[in-house]
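A short reminder: the numbers here are calculations on the coordinates, not readings from a lab. A quick note: this is a predicted structure, and the numbers were derived from the prediction, not measured. A quick note on method: Cβ atoms are made from the backbone with ideal geometry, for glycine too, and the neighbour counts reach across all protein chains shown.
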Amino acid sequence: MLTLVKIGWQEAPGSERMKIVLTEALNNKKYTTMERVPDFTAWLQQPAQVRKETKFIFAVSLGTGALNAAYIDWLNCFLNNPDCLVECTGVVVVDGSGELFTKKIGRELIFVANRAGCAFPGQPLIEATGSLYNFTIRAQLQGLDNMAAYQKAVKDLVEKLVAFSATASELPKINDKRPKKKIAVIHASIYKTSNTILLWNLVKKQIGDKAEIEEISLRNGEVIDCRGCNYETCLHFGEQGSCFYGGVIVEKVYPAISHSDDIVLLCPNYNDAVSANLTAFINRLTALFRKKFAMFAHKKIFALVVSGYSGGDIVAEQIIDAMNCNKNFILPGKFALVETANAPQSILQCQGIEQRALLMAERLLQ
């Protein structure tokens, strides 16, 4: 069932524009509407089989201060019901009255809903700033004005959600007669001291021989970051499955991404950010992305995030922004295992860590 979740519409003065956009996008479609958290709470009382495969359009209308009480209430609802969106899918539309915070709110909502089990297709976020200036290039390419480009983007997003299956995969599913699932693991950590590597080893132990795993370290050899080639140059190399700067990204990472079902990023928290080499990896994906945009839409992104103190949610949101919202990878429900461990090997003393590693392995094998 397609369900429109209206978040903050009662409080935000600019919700009329979103109403116009979504009325057009949902024309001739059968859907239900939730306007307040109690509507969602009532939905949760239905049998799991009824709630299964609900497709949510989370439509956030921001007030002049960029936040409203309704938005906070919805976040709290998802956080307090950690499995409430399992086997559901969603997309997000954020309409702002100013020029800031639309993308921040969008990726935060995706992260929180994903923690509750919601899966998202690649590029699941449409955000509109108050002036709609962020639609200028898209409007020029489509021969439309900015408002029409916004309307088209939301309509296309709804069609994507309707067609999306969280179990989509480019390669056959695992069974006795078909190939095993292929998993590419990308990291830049030191094996001897990394809690993130130890966490991955726990997950890998649970996977065993049920999947083919390829691990690629970005520590060995120089990883050159994207230098911003012009569009034509990047497209030229991308069409050949390559990049001007070559190296391990072209020789190992591109082939691994192309041949895998799942991509797992091992991400220690460095200064509340993805590490430099992994950031370079994400930036360098652009060349391959230009050629294989549709291919990325059939692959899932997962992450193991370990912080020494706090801030794992910040890193997880960065991965969502880069790999799901930008690079078009599927975000499966509960995509990230986020832990805190400082001293070497202390991840192994985290209470319940083996059970959480087992659950992550099961998600990777789904």
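For the range 268-350, count all C-alpha to C-alpha pairs, find those more than 23 Å apart, and express that count as a whole percent of the total. Present the calculation step by step, with values, prior to reporting the outcome.
Values: 894 of 3403 pairs.
Counting every Cα pair in the range 268-350, those more than 23 Å apart make up 26 percent.
The equivalent ellipsoid that matches the C-alpha gyration tensor of the chain spans semi-axes of 33, 25, 20 angstrom, in descending order.
The order of the peptides 326-332, 53-59, 91-97 by mean Cβ neighbours within 10 Å, most packed first, is 91-97, 326-332, 53-59. Axis angle, to the nearest 10 degrees, between helix 146-163 and the longest C-alpha principal axis of the chain: 60 degrees. Using θ = phi - 60° in the Karplus curve 6.51 cos²θ - 1.76 cosθ + 1.60, the 3J(HN,Hα) couplings for the range 285-299 round to 5, 4, 4, 5, 4, 4, 8, 10, 3, 5, 5, 4, 5, 10, 10 Hz; x is entered for Gly and Pro. Packing, taken as the mean count of other beta carbons within 10 Å per residue, orders the peptides 3-9, 72-78 from highest to lowest as 3-9, 72-78. Cα-based values for the range 181-365, radius of gyration first and Dmax second, are 15.9, 52 Å.
Using the Cα atoms as the points, what is the convex hull volume per residue of the range 21-104 in Å³?
On the way: hull volume 9.2 nm³, N = 84.
About 110 Å³ per residue, rounded to a whole number.
Against the chain, whose longest principal axis comes from its Cα atoms, helix 353-365 is set at around 80 degrees.
Taking amide hydrogens as placed 1.01 Å from N in the peptide plane, the amide H of VAL94 sits under 5 Å from those of VAL60, ILE126, GLU127, ALA128, each at least 5 positions away in sequence or on another chain. The 3J(HN,Hα) values that the Karplus relation (6.51, -1.76, 1.60; θ = phi - 60°) gives for the range 137-143 are, in residue order, 5, 4, 5, 4, 5, 9, x Hz. Gly and Pro appear as x. Rounded to the nearest 5, what is the percent of antiparallel bridges among the DSSP beta bridges in the range 181-365? If we restrict to bridges inside the range 181-365, about 0 percent are antiparallel.
The angle separating the long axis of helix 195-207 from the principal Cα axis of greatest extent in the chain is about 90 degrees. Taken over the range 2-163, the ratio of Cα radius of gyration to 2.2 N^0.38 Å equals 0.99.
Take 125-136, 257-268, 207-218 and order them by the average number of nearby Cβ atoms within 10 Å per residue, most first; the result is 257-268, 125-136, 207-218.
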